[in-house]
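The values are calculated or read from the model by the stated rules, or taken from the named source; none is laboratory data. Just so it is clear, the structure is predicted and the values come from calculations on it, not from any experiment. Virtual Cβ from ideal backbone geometry, glycine too; neighbours counted across all protein chains shown.
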Amino acid sequence: MKHTRTAALAALSLAAALSLTACGGDDSSSDSSAKGSSSSSSAGSSSGSDSKPESGSGSGSSEAGDTKSDAAKNTGSGAAAAKGATKTSGKVTFCKTEDLAIDAQDAAPDESTGRINVTMINRGSTTCSATGFAGVDIKDEDNTSNPIERGQAQPRITNLKPGDAAVFNLAYDIDSSGKSLASPTELQVTPPNETHTVNIKWPAGAGDIKGAYTDVQVYPTHTTK
(Lines give C-alpha, C1' and ligand atoms only; values in the text may rest on other atoms or scores of the structure.)
Protein backbone atom coordinates (compact mmCIF):
# COMPACT_ATOMS: atom_id res chain seq x y z
CA MET A 1 0.00 0.00 0.00
CA LYS A 2 2.90 2.27 0.91
CA HIS A 3 4.58 1.32 -2.40
CA THR A 4 1.43 2.23 -4.33
CA ARG A 5 1.25 5.74 -2.68
CA THR A 6 4.89 6.34 -3.49
CA ALA A 7 4.31 5.40 -7.12
CA ALA A 8 1.30 7.68 -7.29
CA LEU A 9 3.26 10.64 -5.93
CA ALA A 10 6.03 9.99 -8.44
CA ALA A 11 3.52 9.95 -11.26
CA LEU A 12 2.03 13.27 -10.09
CA SER A 13 5.50 14.85 -9.91
CA LEU A 14 6.29 13.68 -13.41
CA ALA A 15 3.01 15.06 -14.72
CA ALA A 16 3.68 18.41 -13.07
CA ALA A 17 7.15 18.52 -14.60
CA LEU A 18 5.77 17.75 -18.03
CA SER A 19 3.14 20.43 -17.59
CA LEU A 20 5.80 23.04 -16.69
CA THR A 21 7.90 22.00 -19.68
CA ALA A 22 4.92 22.40 -21.96
CA CYS A 23 4.24 25.87 -20.56
CA GLY A 24 7.87 26.86 -21.09
CA GLY A 25 7.65 25.70 -24.72
CA ASP A 26 4.59 27.84 -25.30
CA ASP A 27 6.37 30.91 -23.89
CA SER A 28 9.32 30.31 -26.19
CA SER A 29 7.02 29.93 -29.13
CA SER A 30 5.23 33.12 -28.14
CA ASP A 31 8.56 34.98 -27.85
CA SER A 32 9.57 33.67 -31.26
CA SER A 33 6.28 34.79 -32.77
CA ALA A 34 6.67 38.23 -31.19
CA LYS A 35 10.19 38.54 -32.55
CA GLY A 36 9.04 37.44 -35.96
CA SER A 37 6.25 39.97 -35.85
CA SER A 38 8.72 42.66 -34.76
CA SER A 39 11.14 41.73 -37.58
CA SER A 40 8.31 41.77 -40.09
CA SER A 41 7.21 45.17 -38.83
CA SER A 42 10.78 46.49 -39.05
CA ALA A 43 11.13 45.16 -42.57
CA GLY A 44 7.87 46.81 -43.55
CA SER A 45 9.00 50.05 -41.95
CA SER A 46 12.36 49.85 -43.74
CA SER A 47 10.62 49.21 -47.03
CA GLY A 48 8.40 52.22 -46.43
CA SER A 49 11.48 54.29 -45.66
CA ASP A 50 13.14 53.18 -48.89
CA SER A 51 10.12 54.37 -50.84
CA LYS A 52 10.46 57.95 -49.53
CA PRO A 53 13.64 58.83 -51.49
CA GLU A 54 11.85 57.78 -54.66
CA SER A 55 9.04 60.10 -53.79
CA GLY A 56 11.61 62.77 -52.87
CA SER A 57 13.40 62.16 -56.14
CA GLY A 58 10.18 62.72 -57.98
CA SER A 59 9.65 65.90 -56.07
CA GLY A 60 13.19 66.96 -56.85
CA SER A 61 12.60 66.41 -60.55
CA SER A 62 9.54 68.57 -60.35
CA GLU A 63 11.53 71.30 -58.59
CA ALA A 64 14.25 71.06 -61.22
CA GLY A 65 11.60 71.39 -63.87
CA ASP A 66 10.20 74.43 -62.10
CA THR A 67 13.70 75.89 -61.85
CA LYS A 68 14.27 75.40 -65.57
CA SER A 69 10.91 76.91 -66.27
CA ASP A 70 11.72 79.90 -64.08
CA ALA A 71 15.13 80.23 -65.75
CA ALA A 72 13.46 80.18 -69.13
CA LYS A 73 11.04 82.84 -67.96
CA ASN A 74 13.90 84.96 -66.63
CA THR A 75 15.80 84.55 -69.88
CA GLY A 76 12.73 85.54 -71.81
CA SER A 77 12.11 88.57 -69.64
CA GLY A 78 15.80 89.48 -69.93
CA ALA A 79 15.55 89.34 -73.70
CA ALA A 80 12.37 91.38 -73.56
CA ALA A 81 14.09 93.88 -71.27
CA ALA A 82 16.99 94.12 -73.67
CA LYS A 83 14.58 94.79 -76.53
CA GLY A 84 12.79 97.31 -74.38
CA ALA A 85 16.06 99.04 -73.58
CA THR A 86 16.92 99.12 -77.26
CA LYS A 87 13.58 100.65 -78.07
CA THR A 88 13.80 103.12 -75.22
CA SER A 89 17.28 104.37 -76.00
CA GLY A 90 17.10 103.30 -79.60
CA LYS A 91 14.81 105.83 -81.16
CA VAL A 92 18.00 106.53 -83.05
CA THR A 93 18.30 103.99 -85.85
CA PHE A 94 21.57 102.73 -87.29
CA CYS A 95 23.11 104.73 -90.12
CA LYS A 96 22.50 103.33 -93.57
CA THR A 97 25.39 102.97 -95.98
CA GLU A 98 23.56 105.04 -98.58
CA ASP A 99 23.37 107.97 -96.15
CA LEU A 100 27.09 108.00 -95.34
CA ALA A 101 29.91 109.72 -97.22
CA ILE A 102 32.96 107.54 -96.57
CA ASP A 103 36.61 108.44 -97.14
CA ALA A 104 40.03 107.16 -95.99
CA GLN A 105 43.22 109.07 -95.18
CA ASP A 106 46.73 108.18 -94.09
CA ALA A 107 47.18 109.23 -90.45
CA ALA A 108 50.47 107.52 -89.52
CA PRO A 109 51.95 109.16 -86.41
CA ASP A 110 55.51 108.05 -87.23
CA GLU A 111 57.59 106.01 -89.68
CA SER A 112 56.99 102.67 -87.95
CA THR A 113 53.29 102.85 -87.07
CA GLY A 114 50.74 102.68 -89.85
CA ARG A 115 47.29 104.15 -89.33
CA ILE A 116 44.40 104.76 -91.68
CA ASN A 117 41.52 106.98 -90.59
CA VAL A 118 38.19 106.14 -92.22
CA THR A 119 35.66 108.95 -91.90
CA MET A 120 31.89 108.52 -92.27
CA ILE A 121 29.75 111.66 -92.58
CA ASN A 122 25.99 111.50 -92.05
CA ARG A 123 24.42 112.93 -95.19
CA GLY A 124 20.93 111.83 -94.16
CA SER A 125 18.17 114.05 -92.79
CA THR A 126 17.91 112.43 -89.34
CA THR A 127 20.22 111.47 -86.48
CA CYS A 128 21.60 107.93 -86.79
CA SER A 129 23.94 105.63 -84.87
CA ALA A 130 27.30 104.46 -86.22
CA THR A 131 28.20 102.68 -82.97
CA GLY A 132 30.39 99.56 -83.17
CA PHE A 133 32.89 97.97 -85.51
CA ALA A 134 32.77 98.48 -89.24
CA GLY A 135 33.44 95.47 -91.40
CA VAL A 136 36.62 95.99 -93.45
CA ASP A 137 38.30 93.93 -96.16
CA ILE A 138 41.48 94.99 -97.94
CA LYS A 139 41.54 94.30 -101.65
CA ASP A 140 44.95 93.49 -103.12
CA GLU A 141 46.15 94.23 -106.65
CA ASP A 142 45.69 90.53 -107.46
CA ASN A 143 41.94 91.08 -106.83
CA THR A 144 41.85 88.97 -103.65
CA SER A 145 40.10 90.36 -100.57
CA ASN A 146 41.27 89.83 -97.00
CA PRO A 147 39.09 90.50 -93.93
CA ILE A 148 40.59 92.63 -91.17
CA GLU A 149 40.44 91.49 -87.55
CA ARG A 150 39.06 93.58 -84.70
CA GLY A 151 41.39 95.24 -82.23
CA GLN A 152 40.95 94.95 -78.47
CA ALA A 153 38.72 97.93 -77.74
CA GLN A 154 35.19 98.57 -76.49
CA PRO A 155 32.75 100.39 -78.80
CA ARG A 156 31.54 103.80 -77.72
CA ILE A 157 28.15 105.36 -78.43
CA THR A 158 28.52 107.17 -81.72
CA ASN A 159 25.35 109.04 -82.69
CA LEU A 160 25.55 111.32 -85.70
CA LYS A 161 23.32 114.27 -86.35
CA PRO A 162 23.01 115.31 -89.99
CA GLY A 163 26.44 116.59 -91.06
CA ASP A 164 28.30 114.96 -88.14
CA ALA A 165 31.24 112.63 -88.74
CA ALA A 166 32.40 109.38 -87.17
CA VAL A 167 35.89 107.96 -87.54
CA PHE A 168 37.37 104.50 -87.15
CA ASN A 169 41.01 103.47 -87.51
CA LEU A 170 43.02 100.72 -89.13
CA ALA A 171 46.35 100.04 -87.42
CA TYR A 172 49.41 98.09 -88.56
CA ASP A 173 53.20 98.06 -88.51
CA ILE A 174 55.01 99.72 -91.40
CA ASP A 175 57.48 97.68 -93.43
CA SER A 176 60.38 99.99 -94.31
CA SER A 177 62.47 97.24 -95.93
CA GLY A 178 60.91 97.69 -99.33
CA LYS A 179 60.12 93.96 -99.45
CA SER A 180 56.48 94.04 -98.35
CA LEU A 181 54.35 91.42 -100.09
CA ALA A 182 51.15 93.41 -99.53
CA SER A 183 49.90 95.59 -102.37
CA PRO A 184 46.56 97.07 -101.23
CA THR A 185 44.44 98.92 -103.73
CA GLU A 186 41.04 99.34 -102.03
CA LEU A 187 39.23 99.21 -98.71
CA GLN A 188 35.84 97.48 -98.75
CA VAL A 189 33.90 99.09 -95.90
CA THR A 190 30.60 97.95 -94.38
CA PRO A 191 29.35 100.41 -91.72
CA PRO A 192 28.36 99.00 -88.30
CA ASN A 193 25.10 97.02 -88.34
CA GLU A 194 24.83 97.32 -92.11
CA THR A 195 25.07 94.84 -94.97
CA HIS A 196 25.83 97.17 -97.88
CA THR A 197 29.49 97.73 -98.70
CA VAL A 198 31.33 100.60 -100.39
CA ASN A 199 34.77 100.47 -102.02
CA ILE A 200 37.20 103.31 -101.39
CA LYS A 201 40.78 103.72 -102.58
CA TRP A 202 43.70 102.79 -100.38
CA PRO A 203 45.11 106.15 -99.20
CA ALA A 204 48.02 107.46 -101.24
CA GLY A 205 51.22 107.76 -99.27
CA ALA A 206 50.23 105.17 -96.65
CA GLY A 207 53.19 103.07 -95.47
CA ASP A 208 53.67 99.49 -96.65
CA ILE A 209 52.09 96.79 -94.49
CA LYS A 210 54.52 94.66 -92.52
CA GLY A 211 53.56 90.99 -92.49
CA ALA A 212 50.19 89.85 -93.80
CA TYR A 213 46.79 91.52 -94.01
CA THR A 214 45.80 89.50 -90.95
CA ASP A 215 48.22 91.70 -88.98
CA VAL A 216 46.07 94.77 -89.67
CA GLN A 217 43.41 95.59 -87.06
CA VAL A 218 40.26 97.69 -87.16
CA TYR A 219 39.01 99.68 -84.16
CA PRO A 220 35.50 100.87 -83.28
CA THR A 221 33.97 104.12 -84.39
CA HIS A 222 34.10 107.34 -82.39
CA THR A 223 32.97 110.90 -83.01
CA THR A 224 35.35 113.62 -84.09
CA LYS A 225 34.05 116.06 -81.47
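Observations on the structure shown:
- Residue match in the stretch 97-109 (condition: at pLDDT 50 or above, exposed (fewer than 10 other Cβ atoms within 10 Å of the Cβ) and either in contact with a Lys or Arg (Cβ under 8 Å, 6 or more places away or on another chain) or assigned by TED's automatic domain parsing to the domain that holds ASP208 (or both)): yes
- Set THR113, THR131: member being of a type in the set (Ser, Thr, Tyr) and surrounded by 16 or more Cβ atoms within 10 Å (Cβ to Cβ): THR131
- Of all residues making up the stretch 151-165, the number that are surrounded by fewer than 13 Cβ atoms within 10 Å (Cβ to Cβ) and outside any loop (DSSP other than H, G, I, E, B): 0
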